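Here's the structure, in structure tokens; my notes come after.
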Amino acid sequence: MSYLSFALSIILFIVYKFSNSYVDNNGILIEYFYLLPIGYLFLYLSFILFIVNRINTKKY
């Protein structure tokens, strides 16, 4: 599950990087800024899931 979250975060960062940001005729900036916080959310989630998975599978 952590690998899926990590892959989603990378995909969101790539989509943001290659998306077109422009100013429309009314002077409003059009960009997909919402992809950045969602990407960071998935990145942190993958890190937490990875740590929890390692703790739970550790054999004593």
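Between the helical axis of 35-57 and the longest alpha-carbon principal axis of the chain there is an angle of about 0 degrees. Under a Gaussian network description of the chain, with springs only between Cα atoms under 10 Å, the residue in Y44, Y22, Y34 that fluctuates furthest is Y22. Based on Cα contacts under 8 Å between residues 6+ apart, the chain shows a relative contact order of 46 percent. Per residue, the chain reaches -23000 deg cm²/dmol at 222 nm when only DSSP H runs of four or more residues are counted, each adding -39500 (n - 2.57).
Taking the convex hull of the alpha carbon positions in the chain and averaging its projected area over all directions gives 4.1 nm². Largest GNM mean-square fluctuation across I30, I38, I11, computed for the chain with C-alpha springs under 10 Å, falls on I30.
To test your reading of the geometry: what angle, between 0 and 90 degrees and rounded to tens, separates the Cα axis of helix 2-18 from the longest principal axis of the chain? Value to nearest ten degrees: 20.
Values quoted throughout were computed directly from the atomic coordinates according to the rules given, and no laboratory measurement underlies them. A quick note: this is a predicted structure, and the numbers were derived from the prediction, not measured.
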